[in-house]
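Worksheet for the structure shown next.
The values are calculated or read from the model by the stated rules, or taken from the named source; none is laboratory data. These numbers were taken from a predicted model, which means no experiment stands behind them. Ideal geometry is used to build each Cβ from the backbone, glycine not excepted, and the neighbour counts take in all protein chains shown. Remember, those area values only see protein heavy atoms, side chains included, never the ligands or the DNA or RNA. Shrake-Rupley method; radii C 1.70, N 1.55, O 1.52, S 1.80 Å.
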Amino acid sequence: MNRKTRMVGSIGLALAGCLLSAAATATGSDAGAPTTSNKLLLTGGVSQLEGSAGGGLTPWAVIGGYGTRDEIGANAFYTRVNLPDYHVDEAGAMVGLYNRVELSFAQQRFNTEKVGAALGLGEGFTFRQNIVGVKVRLFGDVVLDQDSWLPQVSVGAQYKKNNQDGVVKFVGAKRSQGTDYYISATKLFLGQSLLVDGTLRFTKANQIGILGFGGDLNNSYKPEFEASVAYLLSRHWAVGAEYRQKPNNLGIAKEDDWYDAFVAWAPNKHVSLTLAYADLGNIVIKDRQRGVYASVQVGF
């Protein structure tokens, strides 16, 4: 099983590298090749916790990168979440094709620190999860549709594979892999410098998949609501907040909904930094998991 997980991760990383290389090649000096970077700063979102473009906790309907309908964009990112009893490291990449399709890959490493020892897994026991995502814009344009109330609407899927099949099944999960499906609607009010997003996710994931999928309390897809609001202080700065509803599938591990408040800075179209205070509630045997979320994204 570990070999299969490593293989999925290697394929995903290779795919991300090839996509980034292809995107970079497509933006070369050939006059007939696609160009890049005509979107407004920060309107492509940042890299969400599972690799899709959006806020820190939830995907938005926007397509990652700064490419418009005749262009290609791409990003790579690294994220760290420090909590009182755990920490998460994540890295990945995404490619946006012609403002229509987004492909992404992310790998999460969830370190249990001393909690791992208390659970008999060993101090610093780490769950690793690979996530492959796809998102398709159905209609609307978050920047251009300023004369309409119509939002940009996209649908997406995130396939997740956890490397700890035996552990997640021991705590009651039914599977160590699964797929989330979602639909997002994002509206930018440029005159008010305000962006709002609503996402409906259909999921079986326990702690976004870190503890597997499905459980003794529920093994069916459930709709969960997610929302973001961001205020653009200037072309380079945005502040906002997010909410993510969570399912309760496991009898031994109650899940709380997630919240955060964030600030994002984009000095140019090649780099952005996001800093947030996140409240993730109860995780396994530890309550009040509140801490700092930091992410850097580079791309075009």
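Quick notes
- Value of [θ]222 nm, deg cm²/dmol, for the chain, DSSP H segments ≥ 4, -39500 (n - 2.57) each, nearest 500: -4000 deg cm²/dmol
- Under 5 Å from the amide H of residue 290 lie the amide H atoms of 280, each residue being 5 or more positions distant or on a separate chain, with H modelled from the backbone and absent for Pro and chain starts.
- Of the trypsin sites (Lys or Arg not before Pro) found in the range 230-289, the ones in coil according to DSSP and having at most 12 other Cβ atoms within 10 Å of their Cβ are 235.
- Here the spin labels are modelled as points 7 Å beyond Cα on the Cα-Cβ line, and at residue 261 and residue 219 they lie 4.2 nm apart.
- The spread of Cα positions in the chain, taken along each principal axis and listed from longest to shortest, comes to 59, 39, 32 Å.
- The C-alpha atoms of the chain define a longest principal axis, and helix 2-26 lies at about 10 degrees to it.
- For residue 231 and residue 193, the difference between the fully extended length at 0.36 nm per residue and the C-alpha to C-alpha distance is 13.1 nm.
- Computed from the C-beta positions of residue 138 and residue 243, the FRET efficiency with R₀ = 25 Å rounds to 0.60.
- The convex hull around the C-alpha trace of the range 203-300, projected and averaged over every direction, spans 7.1 square nanometres.
- Size descriptors for the range 142-210 (Cα atoms only): Rg and Dmax, in that order, 17.6, 54 Å.
- The share of C-alpha pairs in the range 138-283 whose separation exceeds 28 Å stands at 31 percent.
- Computed with a 1.4 Å probe over protein heavy atoms only, the accessible surface of the chain comes to 42 Å² per residue.
- Summary of the geometry: the range 225-268 and the range 101-149, compared by the centres of their Cα atoms, lie 13 Å apart.
- Distance between modelled label sites at residue 117 and residue 254, nm, 7 Å Cα→Cβ extension: 2.7
- Overall, the range 161-264 carries a charge dipole of about 260 debye about its Cα centre when +1 sits on the Cβ of Lys and Arg and -1 on the Cβ of Asp and Glu, all other atoms neutral.
- Residue-span extension gain [residue 153 to residue 287] - 0.36 nm each, minus C-alpha spacing: 44.7 nm
- Rounded to the nearest 20, the Cβ-based charge dipole of the chain about its Cα centre (Lys and Arg +1, Asp and Glu -1) stands at 720 debye.
- Surface share of carbon and sulfur [accessible, 1.4 angstrom probe, percent] for the range 67-162: 59
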